[in-house]
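What follows is calculated from the coordinates using simple rules that are stated; it is not laboratory data. As the structure is a prediction and not an experimental result, all values here were calculated from the model. Note that each Cβ is placed from the backbone with ideal geometry, even for glycine, and that neighbours are counted across all protein chains shown.
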């Protein structure tokens with residue numbers, strides 16, 4: 001299925017597509033989440049060592065993965081924005097940041113509540129949690145920079161540079177934190193190691209991750225629609241959208 | 001080449017002379033402005049400007065001394081506690097001191113328009129900002145490198161540890177200047193000032209802090225600091241090569 | 001049913017985690033919808049004053 005991607009890079013063409021896909025992925029996300037929750041809370045057997053507390057991984061692992069993936073996708077859109085100078089690429093990067101930050105925060109929260117019953121402490125400075133915390137700071141920095149620059153196109157480019165600089169740093173940060181952690185823990189117990197996986201547990205994690213992916217796509221596409229309307233205010237084609245909106249179609 | 005008479009700070013006169021220089025040399029057939037020449041020129045100019053306000057430099061160093069001296073008041077004067085805390089405190093304070101001085105890197109040039117002139121110059125912008133960052137390090141990082149071992153004595157750290165401290169800071173503070181310059185360029189003309197700069201730059205500083213303070217801790221524990229220091233060195237080389245281009249891009253974005 | 005909610009004694013931890021996830025989703029979706037609605041409202045307000053002003057000069061029913 002060949003799509004002329006460059007034609008899609010105009011906010012005008014992309015807007016209706018974003019709406020349709022947003023609903024589609026939202027429905028898919030709901031289905032997958034439903035199935036995933038059934039597996040997570042009923043079908044998957046209680047773990048021998050961690051008891052029912054381990055069920056938190058069905059939220060924690062997808063959230064942590066999404067936090068990482070979203071940053072990578074955001075960095076790709078940022079590179080496209082700088083390379084091709086397209087407004088829509090920058091808008092996509094802008095739309096991804098809040099969801100990424102929320103995923104990182106959720107990963108930290110659920111990680112803390114998993115850590116307490118399993119290893120006795122809400123927060124331990126293990127490599128993954130610390131890297132996720134720094135990732136959250138990177139997200140918040142990008143969001144803060146965007147809101148502090150008046151001109152939207154300048155903000156686009158500045159945030160794109162910041163996202164790319166951060167992207168290069170994320171593996172370095174992860175590696176350095178892991179190093180730091182193993183040095184100080186001696187025989188390191190990876191505090192976010194999941195219990196030995198039964199097939200159902202793995203299936204549950206995969207389904208929930210897929211649900212998180214679809215949810216992210218749905219929310220980000222809806223947000224980019226809002227951003228398009230906010231930023232393309234001068235464009236004449238938006239007037240036709242007002243009528244659609246009044247009919248509740250858009 | 002006449003400049004529009006605007007309120008200039010000390011550096012603008014130096015800039016004017018140097019631009020006249022550039023015109024003269026290109027007129028005599030020097031087609032390619034050399035990279036090293038550009039770095040040297042920017043370094044000399046910024047260094048001269050910084051040295052003219054000795055008070056400001058002194059204050060920054062004093063900040064470092066005060067912060068380092070404050071920690072024992074908050075914790076404990078016991079030698080064991082201080083020796084454990086020492087590397088972390090000395091390193092973290094160096095980070096904060098670096099943050100404090102970063103806005104100075106571009107802000108005053110930006111305010112009176114000399115930054116635009118610099119960007120318009122025929123010399124490569126990446127080289128010019130490299131010179132600026134080098135001058136920043138010489139006036140803020142290097143004093144910290146010299147000061148830290150002296151302050152380390154307050155933390156009951158002995159000679160080999162202090163030597164490693166100085167070496168780790170020597171490798172690390174240039175990285176702080178480099179990475180910090182990215183943040184300083186990106187936040188030019190943005191609201192939120194110093195706090196926004198700190199939010200952007202501190203996560204990037206984390207690996208430098210980990211390896212820098214880790215090196216000192218290693219020597220304190222009697223282990224070799226070679227892995228930490230070589231990683232710091234590698235990071236420095238990588239930053240030296242890559243960061244100036246990111247900073248140049250950020251400066252151009254800010255000048256749009 | 002009570003056994004399900006008890007989660008083997010780990011109820012607090014499990015439900016704080018799942019609850020946070022539910023809350024995040026609800027808040028994010030609500031925030032995006034509000035953002036979209038506000039964007040459209042501002043768009044509508046920006047477009048309307050022009051046609052509205054002349055109508056003040058005519059009788060109300062003419063619109």
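Could you compute the FRET efficiency for residue C:29 and residue A:31, with r as their C-beta to C-beta distance and R0 at 22 Å, rounded to 0.05?
0.85
Would you mind putting B:65-71, A:59-65, B:230-236 in packing order, based on average other-beta-carbon counts within 10 Å, highest first?
A:59-65, B:230-236, B:65-71
What is the mean number of Cβ atoms from other protein chains located within 10 Å of the Cβ atom of each residue in peptide B:135-145, rounded to a whole number?
The shielding value for this peptide is 0.
How many percent of all Cα-Cα pairs in the range B:10-255 sit more than 21 Å apart?
For the range B:10-255, the fraction of Cα-Cα distances above 21 Å is 58 percent.
From the alpha carbon gyration tensor of chain A, can you work out the equivalent ellipsoid semi-axes (sqrt of 5 times each eigenvalue) and give them in Å, largest to smallest?
Output for chain A: semi-axes of 37, 24, 13 Å.
Ignore the peptide's own chain and count Cβ atoms of other chains within 10 Å of each Cβ in A:153-161; give me the average, rounded.
Across A:153-161, the average partner-chain Cβ count within 10 Å equals 5.
List the residues of the range C:1-33 whose backbone N lies under 13 Å from a point placed 7 Å from the Cα of residue A:42 along the Cα-to-Cβ direction.
Residues C:1, C:4 qualify, since their backbone N sits under 13 Å from the label point.
Given a Förster radius of 35 Å and the C-beta distance between residue A:182 and residue B:36 as r, what FRET efficiency does 1/(1 + (r/R0)^6) yield to the nearest 0.05?
Result of the calculation: an efficiency of 0.25.
With no solvent and one equal point scatterer placed on each C-alpha of the range A:1-133, evaluate the Debye formula and give log10 I(q)/I(0) for q = 0.13 Å⁻¹, two decimals.
For the range A:1-133, the Cα-only Debye profile gives -0.73.
Along the Cα→Cβ direction, 7 angstrom out, place labels at residue B:238 and residue B:191. What is the inter-label distance in nm?
Output for this residue pair reads 3.6 nm.
Hey, with R₀ at 56 Å, roughly what FRET efficiency would residue A:206 and residue B:112 work out to, going by the Cβ-Cβ distance, to 0.05?
After rounding, the FRET efficiency stands at 0.45.
Could you check the spin-label model distance between residue A:121 and residue B:158? Points 7 Å from the Cα along Cα→Cβ, value in nm.
So the label points at residue A:121 and residue B:158 sit 3.0 nm apart.
Just checking the output field for A:45-54: average partner chain Cβ neighbours within 10 Å of each residue's Cβ?
Average neighbour count from other chains, rounded to a whole number: 3.
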